[in-house]
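Trainee: Attaching a single structure in structure tokens format; questions to follow.
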Amino acid sequence: MGGDGDWREDISDMTDTAQPIVVGVDGSASAVAAATWAGGLAARLGASLHIVYAVPYLGHNFTDAAAAVRAAAITGQHEAAADILSAAADAVGRAEPGVEITTSAPADTADDVLEALSAQARLIVLGSQDVSTTSALLIGSLTLTTITRSACPVIAWRGGKLSPTTQPIVVGVDGQNSDAALELAFELADALHAPLWAVRSSSSRRAPGDVTIPFLIDWEALEAMEWSSLTETVGPWAERRPEVDVTFF
């Protein structure tokens, strides 16, 4: 995919049988590292990698001066798009030469682009290395928006690892809406040859009318009930993928 033409028509080519992993880049070193990590994940899952660059949402133009600044920023970013995408693709290609890589630089804002791509993507990966208060408001806001609006799972990459490891994959289980998370967790654990830790914990918040006095609560019975719920929820998935080493917490 290139940066010209109707990119929304381009993504229709992403079929269910060849869903790519999509990674967003912004020209930063952490974004290139995230793309490299995403390439490693694509290699292990047998998927292609699509690297996308799009301008962030810069707000409404309340004045002519603000509109001019916004237009200049967008123009500058589009001019740099080819170099940004090339640098990310080259880094991934060196690390994972067997992975098929495509790129695009749509004109729409990043949040709209990622939402549209998520309809045909297998996963979306976003670099989010800096977790300061400022970055949580700026960079982190895109991650949160993408998670909220995405039609596929979203991975917020952090840290210095340039390829997936065999460290344990942790999945939280609530017993009600865990199937999608468990399916992905088992798929990743299998592909990465990593152990899977299934975790369930009780909330300290109680519904009105529930017993709240500690010595009136049968803690052993409560623990047994939670343990039973965890094993009953995860058990069927473990049977489907017996090669995955599962530990319950």
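FYI, it's all coordinate maths here, none of it is from the lab. In this text, all values refer to a predicted model and were calculated from it rather than measured experimentally. Quick reminder, even Gly has a Cβ in these numbers, built from the backbone with ideal geometry, and neighbours come from all protein chains shown.
Trainee: What is the packing order of peptides 28-35, 81-88, taking the mean over residues of other C-beta atoms within 10 Å and listing the highest first?
Mentor: 28-35, 81-88
Trainee: Along Cα→Cβ, 7 Å out, is where each label goes; now give me the distance between the ones at V170 and R241 in nm to one decimal.
Mentor: In this crude label model, V170 to R241 measures out at 1.8 nm.
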